[in-house]
Each structure stands twice: as C-alpha cells, then as structure tokens.
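Single-structure report; data block below.
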Amino acid sequence: MNAPKHSPWIWVGQAAIGASALGLWEWGARAGTLDKFFFSRPSDVAARVWQWVTSGSIWPHLGVTLLEALLAFTIGVFLGVLLGFLLARTPTAAVLLEPYIRMFNALPRVVLAPIFLLWFGLGIWSKVTLGVTVVFFIVFFNTYRGVKEVDPVIVNNARMLGASESQLIRHVLVPSALTWIFSSLHISIGFAMISVVVGEYLGSSKGVGYVISQAEGVFDTTGVFAGMTVLAAVVLMVGAAVERLERWLLRWKPESPIRAGERDL
Amino acid sequence: MTPSAVSLEAVTARFAGPGGTEYTAVEGVTLDVAEGAFVSLVGPSGCGKSTLLNMAAGLLAPSVGTVRIFGDPLRGINRRATCMFQQEALLPWKTVLDNVTLSLTFRKPRERKQSEELGRLWLKRVGLEEFADRFPYQLSGGMRKRVAMAQNWIAGPDILLMDEPFSALDIHTRLRMEGEILNLWAGSNKTVLFVTHDLEEAIALSDEVLVLSAGPAGRLVGRYPVDLPRPRNLIDIRAEPRFADLYRSIWTDLREEVLKSYERADYERRHAS
Ligand SMILES: Nc1ncnc2c1ncn2[C@@H]1O[C@H](COP(=O)(O)OP(=O)(O)OP(=O)(O)O)[C@@H](O)[C@H]1O
Ligand SMILES: [Mg+2]
C-alpha cells in the first residue's frame, strides 16, 4: 500500500468510518437500544468536553497529566538511551545485568503503582516513577539493539578516519541507533500518558485519570468518555509532533522503515 | 635502510568456523611494502585479501605473527593509514560533503570553514561538485565509490589501503579513477596497498604485484615487480608488449590458484549436498 496514503479519498473514507460509528452510537442511544446510563451519547460527550474546555476546568488536570507524562517520558528516554549505550558498549556489564533487566521488564508495572504511591505519596512523583519504569525499558531495549546493529564497516571506516570514542558515539552510533530509538519514542509517548493516567486513577487529587475516576465514582459515564476523548486527542497531537521531528531527523533515509511499516498495517 | 611502510611478518589469521571448528584464512604470509610504493594484491575470491588488508589497518590482530608500520609493531588502529573498504562505508545520515570532510571533522572540529572549502575542492576532483548536498542514497554505486575515495585521500594518510575500490565501476569511470589515483599518488610519497581481482588493473597501476594462493590457508605464491616506465598512459599501456609479457607470466600462476579455488568450491558443493 503506497499511493493511497496521500489520496484525499483516504481521508474521506477514514472520516466516514468514524462518523458512521458515532452516528450509530448516537442513534442507538436516542432510540433506546443502548442504555444511555451505561453508554452515554456522543453528543453529550462532545458537550461535556466543550464545557470543560470553555469553562477551563479541564486545563489544570490536563496540565498535571501532561507534566507527569513529559517528565516520565524525558527521564525514561534519558535513562533508557544512556543505559542502552553503556551496555551496548560494555559487553561484560551487559552479560552481568541481563537477567535482572529481563526480570524487571517481565514485571507488570501496574502492580508497582500502589507501591510507588506508598513511597512517593499522592503527588506527581509516584506517577512519574510509574511512567519511567514503562518508558525506560522500551527505549532501553531499542537503543541497545540499535547500537548493536550498527554496520561494523561504517564503524571501522570512521575509526580509520580518526574518530575518538566520543566522536564515534556522536557521529556514528547515535544517528545509526536513531531509527530504533525513534520507533520506541512513538510507543513510549503513548505509554507514558497511559501509565501516568493509570497512576492518577489509582490515587491522586489531580489529573485526567483523577477526573475519570471521579466520574466513574458517581456513575457519570459521559464524564468517563469525555476524559478518554481528551486523552486520545492529546496523544494523537503529541504523536504527530514526534513524527514531524522524526521525519526531519531521518531525512537521510529513502523511506523510514517505521512509517513504511505502519503503512502496511 | 629505511623500514618498510607496511610489513607483515609470518602472519596467520584464524576465524571461528561453524560448529566450533577453526578456519585458517591466511597462513604464514610475509610481505613488505616499501615507502612510496604502489603494490597490488591479487588472488582468487576468498583467498584472504581483505583479511590481510584488515590486518594492515589494525582492525584485525593476526592470530600469529607481527604487523609493523614504518618499523613499529602495530597495536590497535593504524593511525597512519586509511582504508577504502570493499563494502559501502559512507555514513548514510551525512551529506556527500560532510562525508568527504569526515576526517577533518574528527581531527579539526573547529575549522569547519576550511574543511568545507577543501571538501568542495575534492568533490570537484572526483567530479561530484554538484552533489555536495545530497545524501548517499541519492547517488549511484559508482558515485558513492568516488565519494569514498575523496573521503580517504582528504585525510592525507601516509598509507592508503584500498580493497577493490573500482570493481563496481563502469569501464570509463574506472579508467578515469585509475588515472586520478595515479596522479594523486605520483610524487606524493604515499604508500598504496591495492587489492583487486583484475590482473590487468594490478599491472597497469603497480610497482609490484603480489599473488596469493587459493584459500583456505592462503599463502603468498609470487611477487612480480612491474618495470613499466612512469608516468603511464593507462589506455595505451595495455597494448605494450612488455605488459603482455608480464600479464602472461603472472597469469600462469594466478590461473592455477583460480582453478584450485574452483575445484575446492566444486568439491564442497558436492559434499554439502
Ligand atoms: N570475520 C570472519 N569470520 C569468519 N570467517 C571469515 C571472516 N572474515 C573472513 N573470513 C573467511 O576468510 C576467508 C578470506 O576472506 P577475505 O574476505 O579476506 O577474502 P577475499 O580474498 O577478500 O575475497 P574477495 O575477493 O571475494 O573479497 C574467507 O573464506 C572468509 O569466509
Ligand atoms: Mg575481499
């Protein structure tokens, strides 16, 4: 699938699918096929989102969630890239640490959330920590693999041309691992948002997760869906920004394998 | 007597083969390349030419034997040499100009302006000045080889190791590049160790041709000084009687090795199935 991506008809088609799903939902709720109490209505959800936005009541919550996600993402990416590079360049350390890294990665992170709440309290840091544990592993594994898979001929050539270890990292290893790191960033952004929202959901006094959990507490399905809508919109926007950055940084590639892969989905 | 630029002293290279076996690629090879000489290495495919070059580059330590560079035993990377690899070695994420000036970026990171000027000069020499801002994937294979050549020469090494640099080029570009190499090399006092599978190319360019035997355990089977006068005209030289004589005498030896390597490949194919 190559050409259709750029065709306006694809946009029309995509919009049509979304519109008919929403239309069906709205119709079902109005006709009484779907119980409004359990399923709410798209028009109600939209009205709620609109009300949140115009009254400004959502912004402090969204601000907190975004701050937590951003911190989790930044710290997680930083640690993941750093440790990925370190271990890829020191095979002995990699061998020694491997079982532990695999063990921690196998742990479902949600079970850690209550512990982080105990350790770091109800504020933002328990959520940030939860997000970091998720983002870190994704970025770490991708960076490690990216550095390991650098073409040895390219590395040898750079060394023959006089590259020091730090120059080798900057001019060869980082750019080469970038494709891998970027494919992990796409996923990490979403996961950072999800994990901090889960953290908020389990215990907090601010954030989109808190808003959702409050709405759920009073069986306000409209509020739950509205919270999810806001979350989805933000994730999509951030994702688009990352993609732009990626396209610029990977402009030396004839076709980014990541995007090619997505297209084939 | 001044020491040779490159000397391999009874070097052997062994690699781990399949299933814990050991594969001896080259065994007990001794060769000297005098400073300022242009020496070619020929031999059938898989005989260990690239392996020897990697040892001279310091990228591969010999299992047995010593490598000396200007008399000093080589440890780690050979800082006085660059290597034009048989495979693609340009950085795909850097433009043509940035690739050409790579060694200057590493050694003189502060002098970007001068580096760029020098880079453009070299791009002009290899006929690629309009392509300075392209990325390698936007060039043809032959153009990429020319970029690699500029990238190597701009570094100004005392020793140039070249692994089949022109085998991917069409005959016209190839003749041009061969001529360019000779021009650059003449009067530069640089030492060139040149790997090729093309015996004509080896004779036309070199002061001496070294013939390796078929692998495994490739050895040096002959050294042939090429006494053709310089400067050489690469087109006419192939028609000279002396050229034909040299070609014939080297080919008799090389032919035998090529046939051996065919037989071995045949034998292996039959035993594999
Ligand atoms: N890293 C390695 N591990 C295992 N075997 C290797 C390795 N490098 C080379 N060899 C083996 O050593 C032998 C010589 O390889 P080399 O690349 O030096 O050949 P060559 O003479 O350059 O061949 P060609 O003309 O095809 O480039 C080959 O049989 C190859 O399989
Ligand atoms: Mg080779």
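The values are calculated or read from the model by the stated rules, or taken from the named source; none is laboratory data. These numbers come from a predicted model, not from an experiment. Heads up, the Cβs are rebuilt from the backbone with ideal geometry, glycines too, and the neighbour counts pull from every protein chain shown. In case anyone asks, the SASA skips ligands and DNA or RNA and just uses the protein heavy atoms, side chains included. Shrake-Rupley method; radii C 1.70, N 1.55, O 1.52, S 1.80 Å.
So, in segment B:81-93, of the ones that are open to solvent by 10 Å² or more (accessible area, probe 1.4 Å) and touching a Ser or Thr at 6+ places or on another chain (Cβ under 9 Å), which residue ends up farthest from the other protein chains (Cβ to nearest Cβ)?
B:Gln86
Determine which single condition B:Leu8 fails, assuming it passes every other condition in (1) within 18 Å of the chain's Cα centre (by Cα); (2) open to solvent by 10 Å² or more (accessible area, probe 1.4 Å); (3) away from ligand 1 (no atom under 11 Å from the Cβ).
In the conditions (1) within 18 Å of the chain's Cα centre (by Cα); (2) open to solvent by 10 Å² or more (accessible area, probe 1.4 Å); (3) away from ligand 1 (no atom under 11 Å from the Cβ), B:Leu8 misses (2) alone.
Taking only segment A:129-149 into account, find how many residues are closer than 14 Å to A:Ser176 by Cβ and either away from chain B (no Cβ under 14 Å) or surrounded by fewer than 19 Cβ atoms within 10 Å (Cβ to Cβ) (or both).
Residues that pass the stated criteria total 7.
Name the residues in segment B:25-68 that are open to solvent by 30 Å² or more (accessible area, probe 1.4 Å), hydroxyl-bearing (Ser, Thr, Tyr) and touching a residue at least 60 places away in the same chain (Cβ under 8 Å), would you?
Answer for segment B:25-68, where residues must be open to solvent by 30 Å² or more (accessible area, probe 1.4 Å), hydroxyl-bearing (Ser, Thr, Tyr) and touching a residue at least 60 places away in the same chain (Cβ under 8 Å): B:Thr30, B:Ser45, B:Ser50.
Considering (1) among the aliphatic types (A, V, I, L, M); (2) in contact with a strand residue (DSSP E or B) (Cβ under 9 Å, 6 or more places away or on another chain); (3) touching a residue at least 12 places away in the same chain (Cβ under 8 Å), say which one B:Ile77 fails and leave the rest.
Unmet condition: (2).
Given the conditions (1) within 30 Å of B:Glu35 (Cβ to Cβ); (2) within 21 Å of the chain's Cα centre (by Cα); (3) surrounded by 14 or more Cβ atoms within 10 Å (Cβ to Cβ), which single one is not true for B:Pro216?
All conditions pass for B:Pro216, except number (1).
Check whether at least one residue in segment B:13-24 is assigned to a strand (DSSP E or B), in contact with an Asp or Glu (Cβ under 9 Å, 6 or more places away or on another chain), open to solvent by less than 10 Å² (accessible area, probe 1.4 Å) and within 12 Å of ligand 1 (Cβ to nearest atom), and report yes or no. First the steps, then the outcome.
Taking segment B:13-24 as the starting set, the residues that turn out to be assigned to a strand (DSSP E or B) are B:13-16, B:22-24.
When the remaining residues are screened for being in contact with an Asp or Glu (Cβ under 9 Å, 6 or more places away or on another chain), the result is B:13-16.
Now restrict to residues that are open to solvent by less than 10 Å² (accessible area, probe 1.4 Å): B:13.
Still in the running and within 12 Å of ligand 1 (Cβ to nearest atom): B:13.
Yes: one or more hits.
Okay, residues lined up against (1) surrounded by fewer than 15 Cβ atoms within 10 Å (Cβ to Cβ); (2) among the aliphatic types (A, V, I, L, M); (3) within 18 Å of B:Asp198 (Cβ to Cβ); (4) in contact (Cβ under 8 Å) with a residue 40 or more places away in the chain:
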residue	(1), (2), (3), (4)
B:Asp227	yes, no, no, no
B:Arg248	yes, no, yes, no
B:Arg255	yes, no, yes, no
B:Val258	no, yes, yes, yes
B:Ala265	yes, yes, no, no
B:Arg270	yes, no, no, no
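For segment B:115-139, which residues satisfy the criterion of being open to solvent by 60 Å² or more (accessible area, probe 1.4 Å) and either over 21 Å from B:Leu182 (Cβ atoms) or touching a helix residue (DSSP H, G or I) at 6+ places or on another chain (Cβ under 8 Å) (or both)? Talk me through it step by step, then tell me what you get.
Our first condition is that a residue be open to solvent by 60 Å² or more (accessible area, probe 1.4 Å); within segment B:115-139, this holds for B:116-118, B:120-121, B:124-125, B:129-130, B:133-134, B:137-138.
Those that are open to solvent by 60 Å² or more (accessible area, probe 1.4 Å) and either over 21 Å from B:Leu182 (Cβ atoms) or touching a helix residue (DSSP H, G or I) at 6+ places or on another chain (Cβ under 8 Å) (or both): B:Glu116, B:Glu117, B:Leu118, B:Arg120, B:Arg125, B:Glu129, B:Glu130, B:Asp133, B:Arg134, B:Tyr137, B:Gln138.
Is it true that B:Glu116 is among the acidic types (Asp, Glu) and more than 19 Å from A:Pro152 (Cβ to Cβ)? If you could, list the steps in order and put the result at the bottom.
Values: among the acidic types (Asp, Glu): yes; more than 19 Å from A:Pro152 (Cβ to Cβ): yes.
Yes: the conditions hold for B:Glu116.
Looking at segment B:148-177, I want the residues that are within 14 Å of chain A (Cβ to nearest Cβ) and closer than 14 Å to B:Leu90 by Cβ and have a partner that is open to solvent by 40 Å² or more (accessible area, probe 1.4 Å) and more than 16 Å from ligand 1 (Cβ to nearest atom) with Cβ atoms under 7 Å, at least 6 apart or on another chain. Which pairs are those?
Cβ pairs passing all conditions: B:Ala150/B:Arg125; B:Ile154/B:Leu118.
Does A:Gly162 count as within 14 Å of chain B (Cβ to nearest Cβ), part of a loop (DSSP other than H, G, I, E, B) and either exposed (fewer than 15 other Cβ atoms within 10 Å of the Cβ) or touching a Leu at 6+ places or on another chain (Cβ under 9 Å) (or both)?
Yes, satisfied.
Yes/no per residue for (1) open to solvent by 30 Å² or more (accessible area, probe 1.4 Å); (2) of a type in the set (Val, Ile, Thr):
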residue: A:Phe85; (1), (2): no, no
residue: A:Thr90; (1), (2): yes, yes
residue: A:Val95; (1), (2): yes, yes
residue: A:Arg102; (1), (2): yes, no
residue: A:Val110; (1), (2): yes, yes
residue: A:Trp119; (1), (2): yes, no
residue: A:Lys127; (1), (2): no, no
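One residue is enough: does segment B:36-51 have a residue meeting the conditions within 14 Å of another protein chain (Cβ to nearest Cβ) and either within 16 Å of ligand 1 (Cβ to nearest atom) or touching a Gly at 6+ places or on another chain (Cβ under 7 Å) (or both)?
Taking every residue of segment B:36-51 in turn, at least one turns out to be within 14 Å of another protein chain (Cβ to nearest Cβ) and either within 16 Å of ligand 1 (Cβ to nearest atom) or touching a Gly at 6+ places or on another chain (Cβ under 7 Å) (or both).
Looking at A:Glu26, A:Glu68, which one is of a type in the set (Asp, Glu), open to solvent by less than 40 Å² (accessible area, probe 1.4 Å) and touching a residue at least 24 places away in the same chain (Cβ under 8 Å)?
Exactly one residue qualifies, and that residue is A:Glu68.
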